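Working notes, structure below.
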Amino acid sequence: MKIPLGVLSWFQQLRVFRLARILISPLEKRILEELECLPNIEELWMPVGRGDGLNKLSESTKLQSCLYNLSSVALDDEYEQYEKPLLSLGSVSGLKKLQEIDLYKIIIEYPFMLEACCLAKLRMVKIFRCQVTHMTWLKYAPILQRLIVYGCESMEEVIKEEEAIKDENVNSSLVFSSLVELILVELPKLESIHRAPLPFPSLKSVVIFDCPKMEKLPFDFNSAKHKLTLIQGQQNWWDSLKWDDPTAKHKF
């Protein structure tokens, strides 16, 4: 659960470092600094829960270049006195190996990961109880397969239309083109996933639970190759949905 300082520095030939869980402690940044100094490190899986640890990741191009998993520690009740860490990676262009994002109780500052090359290998994103208004950066994740967003009280849109329009390098038909599973739960301010209908060629399952402000789904007759399974928890929510193309109902 804890790694003594100085130990990692001895492993000069270390290439892969995977840590499932570590206690939140002031040592987090120091551990990352030791890993940064290893000459052969090339694969890093390590949860980071404190602000100084996240800051170290945002400053180090070497650590970013070998990061496969970006995750924050699930805070236990005994750690609730810690201030929510801030993730601000707007200038990052080195996360080319990143496959998973799993964040819990942090503040995600936008702009975040603006370079299209960053998220080329990203397959799974889980965001739990974070402070975030939208996740437009997901338009840069062409092979994203699973998206789970839970309990983010400030989230208003998944893909923000105004931000998406600004970027002429992104083909809207490729947004969520590999997505298989979409789960949105307890998002009281969420109004839309995407303003315009999307193809969703790989999508199979949609879970929308306790998202009372969402009145429209981004589907039309041409959306989804598979018959979709929709799980929703609000009474009469399905009947109250607005559709650009009413025939899209038959996809579910």
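Just a few scattered comments:
- Within the stretch 56-68, the set of residues being farther than 14 Å from Leu87 by Cβ and of a type in the set (S, T, N, Q) comprises Ser60, Thr61, Ser65.
- Pair list, Cβ < 6 Å and 6+ apart or interchain, from the stretch 41-62 residues that are assigned by TED's automatic domain parsing to the domain that holds Leu8 to residues that are of a type in the set (Lys, Arg): Glu42/Arg15; Trp45/Arg18; Asp52/Lys29; Gly53/Lys29; Lys56/Lys29
- Of residues in the stretch 221-233 being assigned to a loop (DSSP other than H, G, I, E, B) and touching a Phe, Trp or Tyr at 6+ places or on another chain (Cβ under 8 Å), the one nearest to Val185 (Cα to Cα): Gly233
- Pro199 fulfils the conditions (1) within 17 Å of Trp243 (Cα to Cα); (2) out of contact with any Ser or Thr (no Cβ under 6 Å at 6 or more places or on another chain) except for a single criterion, (2).
- If only residues of the stretch 139-155 that are closer than 14 Å to Ile193 by Cβ and buried (at least 22 other Cβ atoms within 10 Å of the Cβ) are counted, the one that is modelled with the lowest pLDDT is Lys139.
- When the stretch 195-238 is limited to residues that are touching a Leu at 6+ places or on another chain (Cβ under 9 Å) and of a type in the set (Gly, Ala, Ser), the one that is farthest from Arg146 (Cα to Cα) turns out to be Ser223.
- Condition check for Ala248 on (1) surrounded by 19 or more Cβ atoms within 10 Å (Cβ to Cβ); (2) out of contact with any Leu (no Cβ under 7 Å at 6 or more places or on another chain); (3) part of a loop (DSSP other than H, G, I, E, B): one failure, at (3).
- Candidate set from the stretch 218-239 (those that are at pLDDT below 85 and among the polar types (S, T, N, Q)); member that is surrounded by the most Cβ atoms within 10 Å (Cβ to Cβ): Gln232
- Which listed residue, of Ser202, Ser173, Ser192, is under 27 Å from Leu98 (Cα atoms) and exposed (fewer than 13 other Cβ atoms within 10 Å of the Cβ): Ser173
- Subset of the stretch 193-252 [within 15 Å of Val175 (Cβ to Cβ) and charged (D, E, K, R)]: Arg195, Asp220
The values are calculated or read from the model by the stated rules, or taken from the named source; none is laboratory data. Not measured: the values here are computed from a predicted model. Cβ: placed from backbone, ideal geometry, glycine included. Neighbour counts: every protein chain shown.
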